[in-house]
1. Kindly indicate which of Leu194, Leu136 is open to solvent by less than 60 Å² (accessible area, probe 1.4 Å) and either free of Cβ contacts under 8 Å to residues at least 60 places away in the same chain or assigned to a helix (DSSP H, G or I) (or both).
2. Scan segment 139-186 residue by residue and report those that are of a type in the set (D, E, K, R) and either in a helix (DSSP H, G or I) or closer than 23 Å to Gly89 by Cα (or both).
3. Name the residues in segment 197-232 that are without any contact (Cβ under 8 Å) to a residue 24 or more places away in the chain, surrounded by 11 or more Cβ atoms within 10 Å (Cβ to Cβ) and of a type in the set (A, V, I, L, M), would you?
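The values are calculated or read from the model by the stated rules, or taken from the named source; none is laboratory data. All figures in this text were calculated on a predicted structure; none of them were measured in a lab. Using ideal geometry, Cβ is built from the backbone for each residue, glycine included, and neighbour counts are taken over all protein chains shown. Note: areas computed on protein heavy atoms with side chains; ligands, DNA, RNA excluded. Shrake-Rupley method; radii C 1.70, N 1.55, O 1.52, S 1.80 Å.
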Amino acid sequence: SPPWLISAAMLRLLALCCLAGAAHAAGGRAVRASAFRGGFKTADDISEDVLRAVYTCKEAATEALEAVDAKAADMAKALEQGEQIPSFGEAADKVIEEAVVAFDAGVPKRTSKELAGKARAELKAAAVSKLHVPYLQQLQVLKTKAIAMYQESTSMNEVNVQGMLNADQFFVREAAASLATGASWGFQAERQNLQMIMQTIEREWKKGMAAKIQAAQQMSTAMQYMQVQQQQLQAIQQQLYGGGGGKWNVGAAYRPPDTNVNLSFNHQQGRTNIVASMVPDEQQSLLGPNGFTNGVGPANLGVSFNINV
């Protein structure tokens, strides 16, 4: 068979596939298509020009969707890195508009308006569907940012309710700006999930603060118990070393004549300390012309004591 006959047959098959549903609804043979001038026509009467128009629309729509796929993949790649796409909705509208413009440029002008319009509507629906995936990724990025904002606003001493409201408003504002025109997308489910996460953070924060307060109270109780034990120990020591009538402390110091040796004796709270040191007598000039008086007497021996009753 000649090449053009094969091409026409393929085109006819494609058109029949596209119009099979309409043909079945019309009763089997008749197909209602205002795009085919002349009203009702059978599948056998479809002209080669109409078949070529159908094929051209499909081919133009396929090429336009390939461009949408590439741009949607670029968006998804940026969002996977945690980068928010500013004004995602406007960016999505631009992608869809460019796809429609490319489709219109690839469709012959003689193509019927109904056929081209139907193919254009199908193209828009397919483009919106492909952009829905990066839109969901955009919501995840916005939710992560909102949670970070809330956590930053929560101090160590109190939960910031206003911070929770600000985070929620940020998410709603950016999610609404990410909607494409005419798309049936939504973000209520993600917003509810965000609110649940922030409420969980608040509960965990309160549990942590309650644990810290309890630990501080336990520490305070332990310190009070130790103070009581120390007081009881001191009372026992007074009874043991004070003979029941009190507690006495005594101290004495002596410097041998003409030496730098200084001896000190101290008895306090049941303990006795004896210290020997060599310290120059800086007050020698005050002791008279002969220096330290020979022997031990009331003038050169210091004794101190006290008795606790």
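1. Leu194
2. Within segment 139-186, Lys143, Lys145, Glu152, Asp168, Arg173, Glu174 meet the criteria.
3. Matches in segment 197-232: Met209 only.
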